[in-house]
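First the structure, in the form of structure tokens, and then the observations on it.
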There are 2 protein chains.
Amino acid sequence: MSKAPRQPDSKAGAKPRRKNSAANEVYAALKEGIAEFRLIPGDKFSEGDIASRLAVSRTPVREALYRLQREGHVDVRFRSGWQIKPFDFRQIEELYDLRITLERAAVHKICRLTSPPAVLQQLQAIWHPDHPSERAIGSTVRVLDERFHCDLVAAAGNREMTRIHLEITERLRIVRRLDFTRPYRVDATYTEHGEILDALADNQPQMAAEKLTHHILASQASVRDITMEKIQAAAEAHQQRQALDE
Amino acid sequence: MSKAPRQPDSKAGAKPRRKNSAANEVYAALKEGIAEFRLIPGDKFSEGDIASRLAVSRTPVREALYRLQREGHVDVRFRSGWQIKPFDFRQIEELYDLRITLERAAVHKICRLTSPPAVLQQLQAIWHPDHPSERAIGSTVRVLDERFHCDLVAAAGNREMTRIHLEITERLRIVRRLDFTRPYRVDATYTEHGEILDALADNQPQMAAEKLTHHILASQASVRDITMEKIQAAAEAHQQRQALDE
DNA sequence: GTCAGTCAACTTGTATACAACCGCTACCGC
DNA sequence: GCGGTAGCGGTTGTATACAAGTTGACTGAC
């Protein structure tokens, strides 16, 4: 495995732990590493590596790795090490597509509800362009946008759908974090969210679904090129590091 | 934990193993136990219980339990044991609802494909009521039905959607297995599948979606009452066992 | 009889030890 | 020079040992 800078180990020597905090810390550290591209798709590593690097035993490392495996971030080959799963553009596209399916279903469901869920009011207050109070800026918008979509799905009232959608959101977050430094589609986001909410308020599911689809596709497009770019850069950096290791 | 009959341990004393077969065996044994209601929702047990019962160490047991936990079958409380998750009727309903959402989206996608996927031909051959060759009977129909729906979603070409759908199918299988002994809706299944395939062949997504929805709802209804019944019976048996333990 | 406090058994979380197995390299025969 | 094979380092899979926390029952006072 390429020698990434040692993770800041926040609990060196701290033996007593609550819950399975060690496993959780390993999980969080690895996931952050993947999200911030210190761990590059294709990187190989062993359980022992991670364990000594984070100063824990292999047991919590294994638990964390199995979680990540189930989430599709890493993979293991029998007695021959782990690796970060190669980046899969098609998978990203498919996840966005799935989001569209789920969220369209959600707005239809919302319109079929007998009484509109309270959360719509709150979303109106945050997002409606006529709203006079302060607007969020920069990457905050992205976080709020994520929240918007999750709230929308949750409002439809199917908890399993909400759970699945959350899982997808999690996996896409890693990609979306890539363009943190960019000026985000702030105005567009406000406009589009406003349109969706208006359509919902008017009980026009078709319109809401169309606006929603458009919004997600726009967001996807915004993310797509920067993703390509970053992945490329990360892959090159990775190759350089590997060359340096020899 | 109530004393369920000892699982048949197929590999007592067999030390050398390939893959993590011990973990897989534990997983399979537990899942079967849950599916067949030897492990009743609410049952409490410890890792040590399972380990000694299946003659393995706690390590593979833990791995299996964490898998089941992620799938929503069991839950753990910190240093205080595991339990089979209480049966959640609402969850079942929600999963069926989610199936409808995903499968409707799938048929729409299929109709938008430039060339119809080859699997449709195969499904026609199996399911079309005019088809002269042999029909499946009894519980085989249920297995084939499951396959039908998975194939349909797979044909839409979104692998992530296929994966999620498969996960849902897995979780519903436990419920569907409940009415193994019943005469299944054989004729209805053939008719309804035939209608869906016809609509797809005619490239009528709306029609296909409607027929599909109707079919899933019928299946759900068929399962609903028997589920109630069995759960009731299982819960009573469980109470009796508990009373007997004292 | 009831309630609070204590304690011991039990449970999970983590660390460590050991065994089986994969992949690679170096060596040997040709 | 080349092919095949044996051996070795490294990796995961499993077992076991130990630590920390929870639960529930028992005991004692009131």
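The values are calculated or read from the model by the stated rules, or taken from the named source; none is laboratory data. It should be emphasised that the depicted structure is a prediction, and the values quoted were computed from it without experimental measurement. Positions of Cβ are generated from backbone atoms using ideal geometry, with glycine treated the same way; all protein chains shown enter the neighbour counts. For the accessible areas, the whole protein counts, side chains as well, though only heavy atoms, and no ligand, DNA or RNA atoms are used. Shrake-Rupley method; radii C 1.70, N 1.55, O 1.52, S 1.80 Å.
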Task: Pick from the stretch B:137-171, criterion more than 27 Å from A:GLU93 (Cβ to Cβ) and free of Cβ contacts under 8 Å to residues at least 24 places away in the same chain, ranking: farthest from the other protein chains (Cβ to nearest Cβ) - done: B:THR140
- [ ] Tell me, yes or no, whether the stretch B:63-82 has at least one residue that is within 11 Å of DNA strand D (Cβ to nearest atom), of a type outside the set (S, T, N, Q), crowded, with 18+ Cβ neighbours inside 10 Å and closer than 28 Å to A:ARG58 by Cα.
- [x] yes
Task: Pairs with Cβ under 7 Å, 6+ apart, first in the stretch B:84-98 and within 13 Å of another protein chain (Cβ to nearest Cβ), second not in a helix (DSSP H, G or I) - done: B:GLU94/A:ASN158; B:ASP97/A:ASN158; B:LEU98/A:ASN158
- [ ] Any chance you could count how many residues in the stretch A:198-217 are assigned to a helix (DSSP H, G or I) and either farther than 18 Å from A:ASP97 by Cα or in contact with a Lys or Arg (Cβ under 7 Å, 6 or more places away or on another chain) (or both)?
- [x] 10
TODO: Name the residue, out of A:THR114, A:THR101, A:THR162, that is open to solvent by 30 Å² or more (accessible area, probe 1.4 Å) and part of a helix (DSSP H, G or I).
DONE: A:THR162
TODO: Any residue in the stretch B:54-78 that's over 18 Å from B:ALA35 (Cα atoms) and assigned by TED's automatic domain parsing to the domain that holds B:ALA29: show its pairings with residues that are within 9 Å of DNA strand D (Cβ to nearest atom) and of a type in the set (Phe, Trp, Tyr) at Cβ separation under 8 Å, as long as the two are six or more apart or on different chains.
DONE: B:GLU63/A:TYR66
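Have a look at A:LYS109, A:LYS85 and point out the one that is surrounded by fewer than 20 Cβ atoms within 10 Å (Cβ to Cβ), farther than 24 Å from B:LEU65 by Cα and modelled with pLDDT under 95.
A:LYS85
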Open item on the list: Cβ-Cβ distance below 6 Å, separation of 6 or more or different chains: which pairs start in the stretch B:24-48 with a residue that is more than 14 Å from chain A (Cβ to nearest Cβ) and over 25 Å from B:ARG79 (Cβ atoms) and end on one that is more than 13 Å from DNA strand C (Cβ to nearest atom) and not in a strand (DSSP E or B)?
Closed with: B:ALA35/B:ILE174; B:ALA35/B:ARG177; B:PHE37/B:ALA234; B:ARG38/B:ALA4
